[in-house]
Amino acid sequence: MIRTDKENYYLDIAETVLERGTCLRRNFGAIIVQNDEIVSSGYTGAPRGRRNCIDTGVCVRESLGVPRGERYELCRSVHAEANAIISASRRDMIGSTLYLVGRDAKTGEYVENASPCSMCKRLIINAGITRVIVRSSKADFAVVDVDDWIQNDESLAGKFGY
């Protein structure tokens, strides 16, 4: 018997969490782990009490042809990373690792080059999370040092005219 490594063990759990997602485009699952214990989990879905996209049958971003990575303010959902952060106390997140898995809602394939959006990156930084591990295939994943996001601040790149 081959024992699953810790990274894929936690990614498998995050992948199970994404099955609760309600997005018509892409569903993500996230778990936050501190000292080898799961602190919280989150998946993509509308705010509590609001109707989910799977209930309305409409993805506004898709119906408008909005490309991936743009105009998240049009989306009904709270991202998996944000939901996991909302569900945890900051003291439990300082120095933790966030595991993230995304699947295309139509094909079931893993989301290529998955990465937290710029708003989720800010939340991850402020939560005190130090690493993000993102699944790229059933056995492969990328490890991101959150300090790289702090040092290479894309919001200072002039892209947005600031």
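Taking the DSSP beta bridges with both ends in the chain, the antiparallel portion is around 85 percent. The value given for region 1-120 is a Kirkwood hydrodynamic radius of 14.9 Å, derived from the mean inverse Cα-Cα separation. Adding -39500 (n - 2.57) for every DSSP H run of four residues or longer, then dividing by how many residues the chain holds, sets the calculated 222 nm ellipticity at -7500 deg cm²/dmol. Across all C-alpha atoms in region 42-106, the radius of gyration and Dmax reach 13.8, 40 Å. Annotation for S115 and A142: the two label points, set 7 Å from Cα along the Cα-Cβ direction, are 0.6 nm apart. In a DSSP loop and with at most 12 other Cβ atoms within 10 Å, the GluC sites (Glu not before Pro) in region 70-162 are E70, E109, E112.
Accessible surface calculations at 1.4 Å, restricted to protein heavy atoms, place region 1-100 at 58 Å² per residue. A Förster radius of 25 Å combined with the Cβ-Cβ distance from R50 to N126 puts the calculated FRET efficiency at roughly 0.50. Positive end of the dipole of region 41-161, charges at C-beta (+1 Lys, Arg; -1 Asp, Glu), about the Cα centre: which of H79, G102, I124 has its Cα farthest in that direction? Result: H79, furthest along the dipole toward the positive end. Of the solvent-accessible surface of the chain, computed with a 1.4 Å probe and all protein chains present, 49% belongs to carbon and sulfur. Our summary of shape: the Cα atoms of region 70-162 have principal axis extents of 37, 35, 26 Å, ordered from largest down, in whole angstrom.
The values are calculated or read from the model by the stated rules, or taken from the named source; none is laboratory data. Predicted, not measured: the structure shown is a model, and the values here were computed from it. We place every Cβ from the backbone using ideal geometry, glycine too, and count neighbours over all the protein chains shown. Each accessible area value is taken on the protein alone, full model and side chains, heavy atoms only, with ligands, DNA and RNA left out. Shrake-Rupley method; radii C 1.70, N 1.55, O 1.52, S 1.80 Å.
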